[in-house]
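The values are calculated or read from the model by the stated rules, or taken from the named source; none is laboratory data. Values in this document were obtained by computation on a predicted structure and should not be read as measured data. Reconstructed Cβ throughout: ideal geometry from the backbone, glycine too, with neighbour counts over all protein chains shown. Surface accessibility is based on the protein's heavy atoms, side chains included, excluding ligands, DNA and RNA. Shrake-Rupley method; radii C 1.70, N 1.55, O 1.52, S 1.80 Å.
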Amino acid sequence: NSGGIKMKFCSLYSGSSGNSIFIASDNAKVLIDAGLAGKKIDDALKHIGEESSSIDGIFITHEHIDHIKGVGVLSRKYDIPIYANDNTWAVMEKNIGKIKEHNIRIMDRRSSITINDLEIRSFNIPHDAIAPVGYTVSYAGKNASVVTDFGVFTEEIRDNIIDSDIILLESNHDVNMLRMGPYPYKLKLRVLGENGHLSNEDCGSAIVSLLKNDKKKQIVLGHLSGTNNHPDLAYQTVVDVLSANGIRPGDDVILQLASRHNPSEIILL
């Protein structure tokens, strides 16, 4: 590749209505999750100049429907392998339909596999699913991480994404909007809990700790709640936390927002 571009990253969709992220090198293309109808993922890929038929693997973070809805359809239609740990396979299988034997790929938690020249590594995250993981994808010294759906920013998460150039990071809710909002009490507690979702403030604090290694990062705020958040509010809250810690967005870190209903900006590394 004469342009020297090593990786291509695009959040196709992000949020409780469905998640799917595209990451590619010159020689391999993968999706992290496929939580919308297969047709919608086809359309999103076309929109960014890609084809579902060229996807080499779909990596599942956990079994919730907004992460697996289209995975069975895509695998059957385009003969794509699906990677997930055995616990996740056990609980997701009944919701994704029949998958060809050779496309059922068991990938242990905290392990890595390589597709052509793209290395995909999984790590554990705290969420109320059976065995949830995040992923860091690496090629030629560049790293991209996807880590949403977790309640606490753990040391394990930090260690696995600290060296990443681009990170899709959860900024799920504004704590006050959630507290005052329409969710039933039990659901509010679930979202706020350690196995729930990361708030805007906690996302800001996580970014502060990630910038300690001085590597210039692009952070995409993702998995925003449609009910308990607003894109401007998420962005501003994170910026406020960064500013309070002497970090200037634009200079020290590039911040973007992942869109809920369509592909976000393509990021080239």
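As for segment 69-80, it holds at least one residue that is surrounded by fewer than 22 Cβ atoms within 10 Å (Cβ to Cβ), among the aromatic types (Phe, Trp, Tyr) and farther than 16 Å from GLY18 by Cα. Of all residues in segment 23-66, those being open to solvent by 50 Å² or more (accessible area, probe 1.4 Å), among the hydrophobic types (A, V, I, L, M, F, W, C) and farther than 23 Å from PRO132 by Cβ number 0. Condition check: surrounded by 14 or more Cβ atoms within 10 Å (Cβ to Cβ), modelled with pLDDT under 95 and in contact with a Lys or Arg (Cβ under 7 Å, 6 or more places away or on another chain). Does LEU269 satisfy that? Criteria met by LEU269.
Residue-level check: of (1) part of a strand (DSSP E or B); (2) surrounded by 19 or more Cβ atoms within 10 Å (Cβ to Cβ), ARG105 misses just (2). Residue selection: ASN172 satisfies the criterion of being touching a strand residue (DSSP E or B) at 6+ places or on another chain (Cβ under 9 Å) and under 20 Å from ILE65 (Cα atoms). Taking first residues from segment 98-120 that are more than 24 Å from ASN143 (Cβ to Cβ) and polar (S, T, N, Q) and partners that are modelled with pLDDT of 95 or more and not in a strand (DSSP E or B), the Cβ contacts under 8 Å between residues at least 6 apart in sequence or on separate chains come to ASN103/SER75; ASN103/ASP79; ASN103/ILE80; ASN103/PRO81.
Screening LEU192 against (1) surrounded by fewer than 18 Cβ atoms within 10 Å (Cβ to Cβ); (2) over 17 Å from the mean Cα position of the chain (by Cα); (3) more than 23 Å from ILE65 (Cβ to Cβ) leaves a single unmet condition, (3).
Residues satisfying the criterion are present in segment 211-231 (criterion: assigned to a helix (DSSP H, G or I) and either among the polar types (S, T, N, Q) or in contact with an Asp or Glu (Cβ under 8 Å, 6 or more places away or on another chain) (or both)).
Per-residue answers, yes or no, for (1) farther than 30 Å from GLU265 by Cβ; (2) modelled with pLDDT under 95; (3) open to solvent by less than 50 Å² (accessible area, probe 1.4 Å):
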| site | (1), (2), (3) |
| --- | --- |
| ASN95 | yes, no, no |
| ILE99 | yes, no, yes |
| THR114 | no, no, no |
| HIS127 | no, no, yes |
| GLY134 | no, no, yes |
| ASP165 | no, no, yes |
| GLY181 | no, no, yes |
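Quick check on my filter: what residues within segment 237-269 are under 19 Å from PHE9 (Cβ atoms), part of a loop (DSSP other than H, G, I, E, B) and of a type in the set (A, V, I, L, M)? Across segment 237-269, the qualifying residues are ALA258, ILE266, LEU269.
Of all residues in segment 130-159, those that are within 15 Å of ILE32 (Cβ to Cβ) have Cβ atoms under 8 Å from Cβ atoms of residues that are among the basic types (Lys, Arg) and outside any loop (DSSP other than H, G, I, E, B), 6 or more apart or on another chain, in TYR135/ARG121; THR136/ARG121; VAL137/ARG121; SER138/ARG121. Quick one: LEU187 ticks every box in (1) more than 27 Å from GLU265 (Cβ to Cβ); (2) assigned to a loop (DSSP other than H, G, I, E, B); (3) open to solvent by 10 Å² or more (accessible area, probe 1.4 Å) bar one, so which box is it? Going through (1) more than 27 Å from GLU265 (Cβ to Cβ); (2) assigned to a loop (DSSP other than H, G, I, E, B); (3) open to solvent by 10 Å² or more (accessible area, probe 1.4 Å) one by one, LEU187 breaks only (2).
Scanning segment 239-263 for residues that are open to solvent by less than 20 Å² (accessible area, probe 1.4 Å) and of a type in the set (Gly, Ala, Ser) yields one hit, ALA258.
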